[in-house]
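The values are calculated or read from the model by the stated rules, or taken from the named source; none is laboratory data. Note that the coordinates shown come from a computational prediction; the quantities given were computed from them, not determined experimentally. Methodologically, a virtual Cβ is constructed for each residue, glycine included, from the backbone with ideal geometry; neighbour enumeration extends over all protein chains shown.
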Amino acid sequence: AQKITQTQPGMFVQEKEAVTLDCTYDTSDQSYGLFWYKQPSSGEMIFLIYQGSYDEQNATEGRYSLNFQKARKSANLVISASQLGDSAMYFCAMREIQQGDDKIIFGKGTRLHILP
Amino acid sequence: DAGVIQSPRHEVTEMGQEVTLRCKPISGHDYLFWYRQTMMRGLELLIYFNNNVPIDDSGMPEDRFSAKMPNASFSTLKIQPSEPRDSAVYFCASSLGRHGGGYTFGSGTRLTVV
């Protein structure tokens, strides 16, 4: 069963607009972490933001914020005032402890294109 | 810190040859992960180590793949014999502790098996 679902394979957004990238997750753990990574065309994986399942406030990092809705099991990434350099692949990921395992699993990703 | 260091950055090899990918995690990190990324399957976890001990290798595709972590500062992923379907980008990542943060990824090794 897919644990992380990103329903938007691709998005086109005008520069300077805000962007919301969707992510829903599935877990029976009470304690888990949610992450977003950015992968530009150069290929490296860049950690953007983290939200713990017990964190009451939504995580923010500069222009990035994570809209965490625990009851709905969603962890959308919001990028404010998008820039051309935001064009990249974005992955939502979850870290859970399950039967002694501890690993991050990734969604399929959303490719974001910022238009000038 | 130099981050997670992977070598080589690119590897082209002939089918049937042995391939060894290398990773140096961030000093002090106690978890090390090997991922494979392809267009079709996305990012797949192959294996991970905690304190140099393999914890979960259920993602290793088959017996042709093996991974070792002889000490806290070095890990290898070996494919023997390599096949064209092994062509992918292989990422190594490390982290400190369990929850409370993301992984730091290396730059990846792009493997092409011809």
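So B:Asn71 fits all but one of (1) loosely packed, with under 13 Cβ neighbours inside 10 Å; (2) over 28 Å from A:Lys3 (Cβ atoms); (3) in contact with a strand residue (DSSP E or B) (Cβ under 9 Å, 6 or more places away or on another chain); what number is the exception?
For B:Asn71, the exception is condition (3).
Based on what the data block shows, is B:Thr104 of a type outside the set (A, V, I, L, M, F, W, C) and facing chain A (nearest Cβ under 8 Å)?
yes
Taking the stated definitions as given, is A:Tyr25 within 22 Å of B:Asp56 (Cα to Cα), touching a strand residue (DSSP E or B) at 6+ places or on another chain (Cβ under 9 Å), modelled with pLDDT of 95 or more and not charged (D, E, K, R)?
yes
Scanning for something charged (D, E, K, R), touching a residue at least 60 places away in the same chain (Cβ under 8 Å) and more than 29 Å from B:Leu111 (Cα to Cα), does segment A:81-95 turn up at least one residue?
no
Pairs needed: first member in segment A:33-45, of a type in the set (Gly, Ala, Ser); second member anywhere, surrounded by fewer than 21 Cβ atoms within 10 Å (Cβ to Cβ) and in a loop (DSSP other than H, G, I, E, B); C-beta distance under 6 Å; at least 6 residues apart or different chains.
From segment A:33-45, the pairs are A:Gly33/B:His99.
Restricting attention to segment B:43-58, report how many residues are more than 16 Å from B:Gly106 (Cα to Cα), surrounded by 17 or more Cβ atoms within 10 Å (Cβ to Cβ) and within 12 Å of the chain's Cα centre (by Cα).
So the answer is 0.
Kindly list, by first and then second residue, each pair from a residue in segment B:9-20 that is over 14 Å from B:Thr76 (Cα atoms) to a residue that is exposed (fewer than 11 other Cβ atoms within 10 Å of the Cβ), limited to pairs with Cβ atoms under 8 Å and residues at least 6 apart or on different chains.
What qualifies is B:Val12/B:Val114; B:Thr13/B:Val114; B:Glu14/B:Val114; B:Met15/B:Pro84; B:Met15/B:Val114.
Residues A:Lys3, A:Lys70, A:Lys103, A:Lys38: which one is loosely packed, with under 14 Cβ neighbours inside 10 Å and basic (Lys, Arg)?
So the residue among A:Lys3, A:Lys70, A:Lys103, A:Lys38 that is loosely packed, with under 14 Cβ neighbours inside 10 Å and basic (Lys, Arg) is A:Lys70.
Which members of segment B:59-90 meet the condition of being under 12 Å from B:Pro25 (Cβ atoms) and aromatic (Phe, Trp, Tyr)?
Passing the criteria: only B:Phe74.
What number of residues within segment B:15-42 are within 12 Å of chain A (Cβ to nearest Cβ), in a loop (DSSP other than H, G, I, E, B) and buried (at least 20 other Cβ atoms within 10 Å of the Cβ)?
0
Residue-by-condition table, conditions (1) under 28 Å from B:Leu32 (Cβ atoms); (2) surrounded by fewer than 19 Cβ atoms within 10 Å (Cβ to Cβ); (3) more than 8 Å from chain B (Cβ to nearest Cβ):
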residue: A:Ile49; (1), (2), (3): yes, no, yes
residue: A:Ala59; (1), (2), (3): yes, no, yes
residue: A:Gly62; (1), (2), (3): no, yes, yes
residue: A:Ala81; (1), (2), (3): no, yes, yes
residue: A:Asp86; (1), (2), (3): no, no, yes
residue: A:Phe91; (1), (2), (3): yes, no, no
residue: A:Met94; (1), (2), (3): yes, no, yes
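Return only the number of the condition from (1) within 19 Å of B:Leu43 (Cα to Cα); (2) in a loop (DSSP other than H, G, I, E, B) that A:Asp29 does not satisfy.
(1)
Just checking: which of the strands (runs of 3 or more DSSP E) contained wholly in segment B:43-114 hold 1 or more residues that are of a type in the set (Asp, Glu)?
B:53-56
Checking the structure you have, find out if any residue of segment A:27-34 is within 14 Å of another protein chain (Cβ to nearest Cβ) and among the acidic types (Asp, Glu).
So far as segment A:27-34 goes, yes, one or more of its residues are within 14 Å of another protein chain (Cβ to nearest Cβ) and among the acidic types (Asp, Glu).
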